[in-house]
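Report on the structure given below.
The values are calculated or read from the model by the stated rules, or taken from the named source; none is laboratory data. Note that the structure is a prediction, hence the values are computed from the model and not measured. Ideal geometry is used to build each Cβ from the backbone, glycine not excepted, and the neighbour counts take in all protein chains shown. Ligands, DNA and RNA are stripped out before the accessible areas are found, and what is left, the full protein with its side chains, is counted by its heavy atoms. Shrake-Rupley method; radii C 1.70, N 1.55, O 1.52, S 1.80 Å.
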Amino acid sequence: IKETMEHSFFNELLEFKKIKNIYAHNLSGFDGIFLFRQLLDYDVEGVSVKPIIFNGKLMGIVLKILTNIPDLKNDKYVAPKYVTIKFKDSYLLLPMSLRKLCRSFSVPTPKTHFPFKLTDINYIGDFPAYDLFTDISKEEYDSIKNEHGNREWSFRDEAIKYCSIDCQALFDILDKFNELIFNTFTVN
């Protein structure tokens, strides 16, 4: 499953040749370490993976992928073409938790909660107990639990939903931030 997910991820990245930047909130402090480790498996001929380091801290990752192979048999020179994708840390632009940013920018898809202390990734069953969640009040927990109802709770399904909502929330925040900067300074 892991290899299938990784190959699917990179194949989808290559489909969107216009993508130049991919943001992850707290890339330099969390996600980037895992992402960089996975990207290194692809550091082969035609693919380059380079970290952007400043003061010993991972600031971003540059992935460069050769998309055509020059014809060396022909006398004509064909320049190699690359797709370059930069993974950047949105936390370095907006140093605040994603939850607080959602409130500050009033995004339509606010950050949700997840039971990070639940370690059984195959768990399917009752809604997880309050003590498996972090940074949540008992009132918020009860509200989420009541909203979920008596339906079966699946770690896999809820993790995918949680990550999707985080991605949408971050996109909405960056979009509003870009609009704010452009309207204030006429800089994109």
message: Could you compute the net charge surrounding Tyr130? Neighbours are other residues with a C-beta less than 14 Å from the C-beta of Tyr130; K and R count +1, D and E count -1.
response: -3
Efficiency of FRET from Cβ geometry, Leu93 and Lys145, R₀ 45 Å, rounded to 0.05: 0.85
- request: Mind checking the per residue accessible area of the chain for me, 1.4 Å probe, whole number of Å²?
  value: 71 Å²
message: Here are labelled values, (1) -0.45, -0.64, -0.72, -1.05; (2) -0.26, -0.41, -0.50, -1.19; (3) -0.37, -0.56, -0.66, -1.27, and one is the computed log10 I(q)/I(0) by the Debye sum over Cα atoms at q = 0.08, 0.10, 0.11, 0.17 Å⁻¹ for what I pasted. Which one?
response: (3)
- request: Eight or more residues apart or on different chains, and alpha-carbon atoms under 19 Å: count the Lys pairs in the stretch 79-188 matching that.
  value: 12
message: Heavy atoms only, 1.4 Å probe, whole protein assembly: order Cys102, Cys163 by accessible area, highest first.
response: Cys163, Cys102
- line: the stretch 129-151 and the stretch 93-110 have their Cα centres apart by a whole-number Å value of 21 Å
query: By the scheme Lys and Arg +1, Asp and Glu -1, what is the net charge of all other residues having a beta-carbon under 15 Å from that of Phe105?
result: +1
field: Heavy-atom SASA rank of Arg156, Arg99 (probe 1.4 Å, accessible area, largest first)
entry: Arg156, Arg99
- prompt: With every protein chain present, what accessible area does Ser90 have (1.4 Å probe, heavy atoms only), rounded to the nearest 10 Å²?
  reply: 0 Å²
message: What does the net charge come to around Gly29 if you take all other residues with beta carbon closer than 14 Å to its beta carbon, with K and R at +1 and D and E at -1?
response: 0
query: Given a 1.4 Å probe and every protein chain left where it sits, what share in percent of the accessible area of the chain is carbon and sulfur?
result: 57 percent
